Structures are given as C-alpha cells and as structure tokens.
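S.K.: Got a structure here, written out as structure tokens. Questions coming.
No lab work stands behind these numbers, since they all come straight from the coordinates. Remember, predicted model here, so these are calculated numbers, not experimental data. Reconstructed Cβ throughout: ideal geometry from the backbone, glycine too, with neighbour counts over all protein chains shown.
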Amino acid sequence: MRALRYLIRVPFLLWHIFIDLPLALIVMLPPWCAWQVGGTRLDHRVIRAWSAGLMRVFGFRLKRIGTPVPGAVLFVANHVSWVDIVTLHSQRMMGFVAKREIAGWPLVGWLATRGETIYHERGNPESLGGVMEEMQARLLAGRSVGVFPEGRTRDGHAVGPFHARIFLAAVEAGVPVQPVALCYGKRASAQHIVAFGPKESFFANFVRLVGEPSREVDVIFLEPITPEGAGGRRRIAELARERIVTAMGQTD
C-alpha cells in the first residue's frame with residue numbers, strides 16, 4: 001500500500017510544487033497581493049489555500065474546531081513536526097517564530113520566509129531579544145504571530161513544558177493568547193508517526209509522510225487567554241499548555 005500511495009501522491013505533489021506554487025506566487029506579487037477578498041488580504045488567502053492543498057496531497061483530512069481570534073493575537077500550539085506550520089497556515093495567516101535552520105530547508109524554508117517567519121538562532125540571547133522585539137512590533141501593528149512554546153519538536157508521546165518568556169510579547173502588547181491543539185489521528189493517536197523519528201532529517205520525514213496512510217487532523221482553536229486577568233506570563237504559559245493537553249485527551 002505504501003508503494004501505491006507514492007504512485008498516486010507523488011504526481012500530485014509535483015503538480016502542487018511546480019504548477020500551483022508558481023501561480024500562487026504570481027498572485028502574491030504587488031499590487032494585487034494587498035487586495036481585500038471578504039475582509040482578508042488576497043496573499044493571505046492564497047497561503048491558506050496552498051497550505052491546505054499540500055495537506056491534502058499528504059492525505060491529511062483537516063477539521064477545524066473552534067474559531068481563530070481575529071486581529072492581533074499570539075497563537076501557541078504543540079509541536080511535533082514541520083507539518084505543524086503548514087497545518088496552522090491552512091487555517092489562519094500568522095508569522096511564525098522558528099529556528100533559523102528552517103530557512104535552509106528545501107521548499108519549506110523558502111515558503112516559511114515568504115510566510116513572514118521570524119527566525120531565531122538557538123542559544124543566542126541577542127537573537128532571542130530581537131525575536132521578542134519583532135513579535136511585539138507585529139502584535140502592536142495588529143498582525144498575528146504563531147509560536148511553539150515547547151521550544152523544539154517532540155516525539156509525539158507527550159507535550160513538553162511551555163517556556164514562559166515567549167509569552168512576554170503578548171503581555172506587553174496587551175493582546176490575547178489563543179492556544180491551538182494540533183491532533184494527528186483520532187484523539188491524537190498519530191502524533192508519534194508525524195513527529196521526527198530519532199535522527200530523522202527533514203527530507204527523510206517529508207518522504208516518509210508522503211507514503212503514510214490518510215488520517216484526520218483536528219485543529220482545535222481553544223478559548224483565548226487575556227493578559228489582563230491571567231496573572232502574568234508564567235500563568236499564561238501554564239493555562240495554554242493545560243488547555244492544549246486537555247483538548248488532546250492526554251494526561252500528565
């Protein structure tokens with residue numbers, strides 16, 4: 001069955017990359033990229049549509065539960081793979097905070113840069129300071145930002161602790177934080193399959209997932225947390241993680 005899935009999906013993947021993507025990029029050029037369609041920028045709609053199409057090529061059946069908060073908001077989600085970025089972009093345009101290495105990944109890095117990604121160099125305090133400043137500037141300008149507070153991908157068996165510092169931008173900008181639970185498979189049963197395997201590279205994960213069986217993906221937008229009544233960034237981090245873990249049906 002894996003060989004059959006490759007036989008069916010690879011042609012669609014090539015079409016999506018070499019035909020659909022150039023067309024999408026043309027639409028995203030000035031001046032029409034800023035056109036409003038149903039209250040949403042045209043280029044943002046194109047990013048969502050292309051991302052949703054890529055998920056279909058991989059056999060993921062997306063289901064949105066809840067509603068993303070409009071305007072300036074900090075979206076926070078659990079993190080197992082590069083697929084998480086595509087999943088969230090299929091639902092709502094947001095500039096992600098991601099490790100700088102992603103910029104060099106084939107296709108995904110190129111798309112991430114054009115998707116307004118804010119790159120962070122791990123282990124560099126100056127880089128983190130610049131990331132925080134850029135996050136706050138975007139939130140104050142009315143734009144949304146997406147982060148993975150675990151700080152790195154996990155193996156899919158548990159949600160790691162959330163780093164509180166990343167929530168400071170939302171606190172200082174006075175914007176809501178909306179937790180998002182990303183559940184691959186029924187009740188998140190396929191998290192460990194979508195996740196990077198031990199020493200698995202991006203390319204190896206990408207190729208492996210092309211041949212995986214089709215499965216459901218629940219994108220659960222949870223109740224937003226307002227900084228005013230949450231009791232500081234550490235409490236916001238705790239609440240966000242609690243809500244995501246509960247939505248995934250996991251227990252600590």
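S.K.: Hey, can you grab everything whose amide H is under 5 Å from the amide H of Lys99? Only 5+ residues off in sequence or another chain; H modelled, so Pro and N-termini drop out.
M.R.: Those qualifying (amide H under 5 Å, at least 5 residues apart or on another chain) are His120.
S.K.: Roughly speaking, what is the stretch gain from Glu200 to Leu7, that is 0.36 nm per residue apart minus the C-alpha to C-alpha distance, in nm to one decimal? Intermediate values should be presented prior to the final figure.
M.R.: On the way: separation 193, 0.36 × 193 = 69.48 nm, distance 2.29 nm.
Once the chain is fully extended between Glu200 and Leu7, it gains 67.2 nm.
S.K.: Could you calculate the FRET efficiency of Ile26 with Glu172 from 1/(1 + (r/R0)^6), where r is the beta carbon distance between them and R0 is 22 Å, rounded to 0.05?
M.R.: Computed FRET efficiency for Ile26 and Glu172 comes out at 0.05.
S.K.: Cα atoms only, the chain: Rg and Dmax in Å?
M.R.: 17.6, 53
S.K.: So how far apart, in nm, are the two label points at Arg114 and Trp15 if each is 7 Å from Cα heading toward Cβ?
M.R.: Each label point lies 7 Å from its Cα, and together they span 2.0 nm.
S.K.: Multiply the residue gap between Ala49 and Lys63 by 0.36 nm, knock off their C-alpha separation, and tell me the result in nm, one decimal place.
M.R.: Stretched fully, the Ala49-Lys63 segment lengthens by 3.6 nm.
S.K.: Tally Lys and Arg at +1 and Asp and Glu at -1 over the other residues with C-beta under 13 Å from the C-beta of Ala49: what net charge comes out?
M.R.: Combined, the nearby Lys, Arg, Asp and Glu give +3.
S.K.: Around Val171, with a cut-off of 11 angstrom between Cβ atoms, what is the net charge of the other residues, counting Lys and Arg +1 and Asp and Glu -1?
M.R.: So the surrounding residues net to +2.
S.K.: What residues qualify as long-range amide H neighbours of Ala190, i.e. H under 5 Å apart, gap of 5 or more or another chain, H built at 1.01 Å from N?
M.R.: It is Tyr184, Gly185, by chain and number.
S.K.: Output the peptides 197-209, 88-100 sorted from most to least packed, where packing is the average of other Cβ atoms within 10 Å over each peptide's residues.
M.R.: By packing density, highest mean first, the sequence is 88-100, 197-209.
S.K.: What is the distance, in nm, between label points placed 7 Å from the Cα along the Cα-to-Cβ direction at Arg208 and at Ala158?
M.R.: My value for the distance between the label points is 2.1 nm.
S.K.: Could you tally the net charge around Leu13, taking each other residue with its Cβ under 12 Å from the Cβ of Leu13, Lys/Arg +1 and Asp/Glu -1?
M.R.: Values: positive: Arg5, Arg9, Arg56; negative: Asp20.
Once all neighbours under 12 Å are counted, the net charge is +2.
S.K.: Which percentage, to the nearest 5, of the DSSP beta bridges contained in segment 61-247 is antiparallel?
M.R.: Once the DSSP bridges in segment 61-247 are tallied, antiparallel ones form about 25 percent.
S.K.: Just subtract the alpha-carbon distance of Gln36 and Arg215 from 0.36 nm times their residue separation and send over the number in nm, one decimal.
M.R.: Details: separation 179, 0.36 × 179 = 64.44 nm, distance 3.35 nm.
Fully extending the segment from Gln36 to Arg215 adds 61.1 nm.
S.K.: Further question: What does the highest-first list of 44-53, 5-14 look like by mean Cβ count within 10 Å?
M.R.: In descending order of packing, they fall as 44-53, 5-14.
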